[in-house]
1. Under the rule of at least 5 residues apart or a separate chain, name every residue whose amide H is placed under 5 Å from the amide H of VAL222.
2. Add -39500 (n - 2.57) for each DSSP H run of 4 or more in the chain, then divide by its residues: what number comes out at 222 nm, to the nearest 500 deg cm²/dmol?
3. I want the local charge near GLU21. Using Cβ-Cβ distances under 14 Å, sum +1 for each Lys or Arg and -1 for each Asp or Glu among the other residues.
4. Which order, highest average first, do 27-36, 12-21, 69-78, 49-58 follow once you tally other Cβ atoms within 10 Å for each residue and take the mean per peptide?
5. If I stretch the segment between SER47 and GLN181 completely, what's the gain in nm (0.36 nm per residue apart, minus their alpha carbon distance), one decimal?
6. Based on DSSP H assignment, which helices of the chain show an axial Cα extent of at least 30 Å together with a mean Kyte-Doolittle hydropathy greater than or equal to 1.6?
7. With +1 assigned to the C-beta of every Lys and Arg and -1 to the C-beta of every Asp and Glu, and no other charges, what is the dipole magnitude of the chain about the Cα centre in debye, to the nearest 20?
8. Given a Förster distance of 41 angstrom, what is the FRET efficiency for ARG31 paired with VAL210, based on the Cβ-Cβ distance and rounded to 0.05?
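Nothing in this text is a laboratory measurement; each read-out follows from the coordinates by a stated rule. Since the model is a prediction, treat every value here as computed from it, not as a measurement. Cβ placement follows ideal geometry from the backbone for every residue including glycine, while neighbour counts extend to all protein chains displayed.
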Amino acid sequence: MIIVTGASKGLGRVICERLIEKNISVLGLARNVEEVPFASMSCDVSSYDNVKAVVQQLKKDGARVAGLVNAAGIASMNLAVTTPPSVAQKIINTNLLGTIYCCQMIAPLMLRNKQGSIINFSTIAVALGLKGESIYAASKAGVEGFTRSFAREMADFNVKVNCIAPGPIDTNLLKGITADQIDKIVSQQIIPKQFKPDDVANLVELLLDVRSDSLSGQVLYVGGV
């Protein structure tokens with residue numbers, strides 16, 4: 001089973017659908033799963049207790065977990081000095097702490113098999129230092145640092161940990177960002193094009209597969225920096 005957070009929409013939804021097409025068992029986690037057409041559980045990843053409850057249920061069910069994709073995330077394009085504290089806290093809690101909580105509690109479910117793959121999500125905004133995305137980038141920079149260290153902690157158990165950092169992808173996260181702003185970001189990538197959710201799903205599929213067993217602790221920037 002592969003657990004995917006943020007599964008109700010955006011990249012998380014696309015990733016789940018891609019894996020299901022490949023006949024891979026998926027469990028989607030999201031705050032609202034009422035309209036999710038595949039196996040799912042309600043979970044707010046920013047809540048330690050929520051994640052703990054999900055893991056306790058998985059243990060009770062004897063679930064065999066082979067991978068974790070931390071696709072849940074939120075963004076707010078705004079200057080740091082005009083960002084309300086509540087918004088900054090929500091971004092950090094969801095993007096950084098949510099990733100940490102899921103890794104902390106779901107990774108042990110892979111250790112008994114001495115095999116697994118964890119994929120976290122960052123953003124190209126970290127490397128490019130994009131204006132108006134400082135708090136979002138800070139949360140994701142934390143994810144990158146955590147990924148590198150956690151990969152070393154998991155190496156002895158044959159669990160690889162990597163991070164995908166997309167540029168602007170056509171999902172709900174781009175809501176409120178103008179076409180000119182997107183074009184400006186894309187122009188700074190090595191490959192100056194806007195990629196699609198399927199392009200990211202391709203990378204996820206590869207990193208979950210044994211073909212990528214030589215990769216761990218890496219941050220893969222979609223589009224290149």
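1. Placed amide hydrogens put ALA165, GLY167 under 5 Å from VAL222.
2. Details: 9 runs with 92 residues, N = 225.
One gets -12000 deg cm²/dmol as the mean residue ellipticity at 222 nm.
3. Numbers: positive: ARG13, ARG18, LYS22; negative: GLU17, ASP198, GLU205.
Around GLU21, the charge tally is 0.
4. Numbers: 27-36: 18.3, 12-21: 20.8, 69-78: 23.3, 49-58: 16.3.
Taking the mean over residues of other Cβ atoms within 10 Å, the ranking is 69-78, 12-21, 27-36, 49-58.
5. On the way: separation 134, 0.36 × 134 = 48.24 nm, distance 3.26 nm.
Difference between extended and current length: 45.0 nm.
6. Values: long enough: none.
TM-like helix candidates: nothing returned.
7. Working: 22 positive and 19 negative charges, 74 e Å.
About 360 debye.
8. Numbers: r = 32 Å, r/R0 = 0.79.
Rounded to the nearest 0.05, the efficiency is 0.80.
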